[in-house]
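The values are calculated or read from the model by the stated rules, or taken from the named source; none is laboratory data. Values in this document were obtained by computation on a predicted structure and should not be read as measured data. Cβ: placed from backbone, ideal geometry, glycine included. Neighbour counts: every protein chain shown.
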Amino acid sequence: MTDDPFAGAPDAPPQGLAFLELGERLRQRGQHAAAATVALSGLAHYPTVADAHDLLARVRADQGDDSAASRAWYAALECDPDHVGARKGLAFVAFRSRDFAAAERHLDIAAMQAPHDITILNALDRLRGLQPARAPVGTVRLTDPAGGVLLFDMQGMRLAGSVREVADVSLADAAAAEGAGLVREAARVARMLDLGTVRHVVMETADAKIAMLPVSRDGALLIYRSSATPLGRLLGLAGDAARAARDWMGSSS
Amino acid sequence: MTIDQWHAALREVTGVTGVLGALIVSAEDGLVVAETAMEELATADVAALAAALVMRVARCTSAMDAGLPQTAYLVGDRGALLAVAGPAPLWLVAVARNDGELGRLRLLMRDFADVLR
Amino acid sequence: MRVLEPWVAEPLAEFLRESSARLTLVMTSAGQVIAQHGFTRSVDVMSAAALGAGILATTDELARTIDEPAGFGAVVHQGERQGVWLSAFDTPRGRWIGLVVFGQESSIGLVRLFFARLAAQIQAAAPPLAPVRDVLAEGFERELDNSLRSLFGSR
């Protein structure tokens with residue numbers, strides 16, 4: 001694996017997890033078999049350490065085994081849904097297989113978790129430059145806990161998905177509660193100012209672009225992306241998410 | 001920016017195709033600070049409702065730990081309300097028909113909000 | 001919410017829902033409390049009604065003094081956490097007064113907007129005019145007493 005922005009920089013290993021540093025050194029020297037052995041033996045002792053899965057994934061990616069790398073990075077995300085390195089790694093393997101939409105989705109999520117990481121923003125720019133103007137917007141997964149898509153009902157209860165986590169605390173329930181209030185407020189504003197039925201509300205902050213859109217009488221979505229995401233792209237994702245949400249609600253009822 | 005410059009900016013925003021009116025609103029009390037609008041637009045109502053929307057948006061971004069909102073756009077079937085933060089607690093607000101130049105309006109409002117700040 | 005006149009209930013409920021007001025008092029200028037929301041003690045209603053009517057009467061006098069024939073539409077007091085909106089409006093049953101206490105979940109603009117609708121809806125819903133009654137100082141107190149008994153029972 002190269003030092004390309006997609007490659008993901010190694011994070012400092014936690015105290016007492018010296019095998020991470022050793023494995024990374026071996027990997028960088030090109031001693032992939034030894035690095036894999038170190039990573040696997042470390043994982044045998046520390047199966048819930050995301051960095052250990054990340055190390056194994058990087059070794060597998062260097063060995064050209066992208067499917068094994070992907071499995072290891074998804075395992076890292078199961079241990080730590082905010083693991084930026086795993087997201088960057090998944091973006092890398094998606095990019096290498098020319099699945100640009102998936103690469104962009106992973107980088108979008110990484111950018112949410114590390115909004116000031118210039119390597120991610122540069123990679124996103126490069127990726128967008130490579131894609132045709134009418135590229136598919138990718139798959140929206142309501143079940144992805146770090147997918148940045150939250151479906152909630154009008155009582156402010158979370159139905160599926162999640163917007164983000166901060167310090168291991170999910171903000172989904174709070175976002176759902178406030179999202180329902182926003183849906184009601186938007187409907188009132190639209191009704192009283194004769195703006196018609198609400199299509200969406202877009203909110204921009206220094207770090208994020210967020211869209212809220214009603215998907216039925218009983219449900220609405222919040223889509224959370226980094227501030228680097230173009231507005232049109234956000235709305236494209238929102239449209240996809242709305243379709244996924246309607247399917248989900250149809251199959252759940 | 002002086003009051004005269006505010007009004008000049010509001011007139012320019014109102015000059016965008018499809019815009020029914022533009023106003024500077026105090027988000028804390030929902031009142032109009034300055035306005036330029038067509039007669040049919042009840043600007044006092046717009047100010048009250050835009051401020052309520054902005055407050056709701058702020059609660060929503062806060063719940064997601066995303067920071068303070070800088071813009072809020074409500075797009076409906078027939079029209080849109082665009083709000084861009086100026087110096088707290090002021091917001092630049094415009095109401096437009098849906099067949100208007102919403103992209104140009106958004107950019108123009110962001111420029112003016114930067115100057116207002 | 002408690003109301004003496006049933007036809008006030010629906011407009012007032014809408015006002016409370018839309019404005020998020022914390023406390024609301026609707027009364028005649030003679031002191032008869034027509035409806036209230038949020039007050040738990042009759043003594044508070046009595047104080048608020050008397051003070052609110054007094055403030056509006058004072059403001060009307062001020063308007064006359066400075067030659068403002070239309071008077072002032074409303075009086076607003078904005079505190080750090082709460083605000084008070086006071087406004088009189090004409091109904092087929094005479095001049096009524098609204099007193100609204102609102103917090104940070106609402107705003108002056110929202111109260112203004114939905115109070116105007118409340119006034120318009122009450123005007124439209126009011127049954128034919130009742131006989132005109134005297135508006136005297138002692139009458140104010142008696143009316144207030146009577147209406148409080150009706151609103152709060154015999155407490």
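Structure notes:
- From the list B:78, B:56, B:11, the lone residue that is surrounded by fewer than 17 Cβ atoms within 10 Å (Cβ to Cβ), in contact with a Lys or Arg (Cβ under 9 Å, 6 or more places away or on another chain) and basic (Lys, Arg) is B:78.
- For region B:4-51, taking the residues that are over 20 Å from residue C:80 (Cα atoms) and among the charged types (D, E, K, R), the one that is nearest to the other protein chains (Cβ to nearest Cβ) is identified as B:45.
- Selection status of residue A:3, at pLDDT below 90, closer than 24 Å to residue A:99 by Cβ, outside the structural domain of residue A:106 (by TED's automatic domain parsing) and surrounded by fewer than 17 Cβ atoms within 10 Å (Cβ to Cβ): yes
- Annotation: residue B:54 fulfils all but one of (1) at the interface with another protein chain (Cβ under 7 Å from one of its Cβ atoms); (2) of a type in the set (Val, Ile, Thr); (3) more than 17 Å from residue B:10 (Cα to Cα); the unmet one is (1).
- Of all residues in region B:64-114, those that are among the aliphatic types (A, V, I, L, M), within 7 Å of another protein chain (Cβ to nearest Cβ), assigned to a strand (DSSP E or B) and farther than 16 Å from residue B:41 by Cβ total 2.
- Strands (runs of 3 or more DSSP E) fully within region C:8-124 that include at least 3 residues being crowded, with 20+ Cβ neighbours inside 10 Å and touching a residue at least 24 places away in the same chain (Cβ under 8 Å): C:23-28, C:33-37, C:83-91, C:94-102.
- Residues of region A:173-211 classified as more than 7 Å from chain B (Cβ to nearest Cβ), within 19 Å of the chain's Cα centre (by Cα) and either surrounded by fewer than 24 Cβ atoms within 10 Å (Cβ to Cβ) or not in a helix (DSSP H, G or I) (or both), total: 3
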